Amino acid sequence: MDNQTQLEAQLEKILPEDITRTLESAYHVIFQGDHDRIDDLLKHGGALLKKTAQRLTTTQLILGIAAIAAVAVVVVNKVVEAADDDNTSAEPIDEQKEKK
């Protein structure tokens, strides 16, 4: 066996189930608010990250994590804007200020 074949045998394969479990856990935590599943998200995401880190170069891994972080910032921003649009702000209403 040559070096390349031995290296590939040692690497864990990224299975579709790994991606599916991670996305499912993220969906339950982010969109359904089921915070009891954060442990599952961390476990599945960590396993996927470990397998991915074995296959990618350092630069590719850093760029991938940066892209995921950018998407997370956009999603959080959209959620905050949606919450503000629903008049859930903690600021007092102008009508109540005028009556005093």
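Structure notes:
- Converting phi to 3J(HN,Hα) with the Karplus coefficients 6.51, -1.76 and 1.60 and the offset θ = phi - 60°, region 25-42 yields 4, 4, 4, 5, 6, 7, 8, 9, x, 7, 6, 5, 9, 4, 4, 4, 4, 5 Hz in sequence order, with x at every glycine or proline.
- Phi angles across region 47-61 convert, under the Karplus curve 6.51 cos²θ - 1.76 cosθ + 1.60 with θ = phi - 60°, into 3J(HN,Hα) values of 5, 5, 5, 5, 5, 5, 5, 6, 9, 9, 6, 4, 5, 4, 5 Hz, Gly and Pro given as x.
- Residue-by-residue Karplus 3J(HN,Hα) for region 65-82, coefficients 6.51, -1.76, 1.60, Hz, glycine and proline x: 5, 5, 5, 5, 5, 5, 5, 4, 5, 5, 5, 5, 4, 5, 5, 5, 4, 5
- Burial order of peptide ranges 35-46, 52-63 (average beta-carbon count within 10 Å, highest first): 35-46, 52-63
Just so you know, all these numbers are worked out from the coordinates, no wet-lab data involved. Only a predicted model underlies this, so the values are computations on that prediction, with no experimental measurement involved. Note that each Cβ is placed from the backbone with ideal geometry, even for glycine, and that neighbours are counted across all protein chains shown.
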